[in-house]
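Following: one structure in C-alpha cells, then a few remarks.
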Amino acid sequence: MLGKKLKMINFPEAGYTPANLRALIESSGLTQEQAGLLVDVAGPTIRRWLASVDAKNHRDMPLKKWLELLNKLKPA
C-alpha cells in the first residue's frame with residue numbers, strides 16, 4: 001500500500017475542495033503521483049484538482065474519485 005492509513009483528519013472545509021484534497025494527500029504521506037495511482041489518474045489530473053478554483057487549469061474532482069480515495073485511505 002502506498003502511503004499510510006489515516007488516523008483522523010480535520011478537513012478545512014466540507015466535502016471535496018482543493019484544500020481538503022491537499023490535506024488528505026499530505027496527511028496520508030502520499031505524493032500527488034501516488035494519490036493519482038490510487039484512483040487511476042495521472043499526475044497532471046491531480047494537479048488540476050489541487051489548483052485553486054479561480055485558476056484557469058482547475059478541474060473539479062469527480063465525487064466518485066473523491067470517495068474512492070477516501071475509502072482507500074480510511075483507517076482499517
Item to complete: In debye, nearest 20, what is the charge dipole magnitude of the chain about its Cα centre with +1 on Lys and Arg Cβ and -1 on Asp and Glu Cβ, if you could check?
Response: 160 debye
Fill in: Rg to Rh, two decimals, where the chain supplies the alpha carbon set and Rh follows Kirkwood
0.93
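Excluding E13 itself, calculate the net charge of residues whose Cβ lies under 14 Å from the Cβ of E13, where each Lys or Arg counts +1 and each Asp or Glu counts -1. Mind dumping the intermediate values first?
Numbers: positive: R22; negative: D60.
With Lys, Arg at +1 and Asp, Glu at -1, the net is 0.
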Worksheet item: All other residues with a Cβ under 12 Å from the Cβ of H58 taken together, and with Lys, Arg as +1 and Asp, Glu as -1, what is their net charge?
Response: +2
Practice prompt. Can you find, among Y16, S27, I46, the residue farthest towards the positive end of the dipole of the chain? Put +1 on the C-beta of Lys and Arg, -1 on that of Asp and Glu.
Written response: S27
Discussion item. With every protein chain kept in place and ligands, DNA and RNA left out, what is the accessible area per residue of the chain? Probe 1.4 Å, answer in Å².
Written reply: 63 Å²
Discussion item. Could you report the accessible area of L37 in Å², rounded to 10, computed with a 1.4 Å probe on the protein chains as they sit in the structure?
Written reply: 120 Å²
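Rounded to a whole number, what % of the accessible area of the range 8-68 do carbon and sulfur atoms account for, probe 1.4 Å? Provide the component values of the computation, followed by the final result.
Values: 1990 of 3610 Å².
Looking at the range 8-68 in its full context, I get 55 percent from C and S.
The values are calculated or read from the model by the stated rules, or taken from the named source; none is laboratory data. Since we're looking at a predicted model, the values are computed, not measured. All Cβ positions, even for glycine, are placed from backbone atoms using ideal geometry, and neighbour counts span all protein chains on display. To get the accessible areas, we keep the full protein, side chains included, count just its heavy atoms, and leave off ligands, DNA and RNA. Shrake-Rupley method; radii C 1.70, N 1.55, O 1.52, S 1.80 Å.
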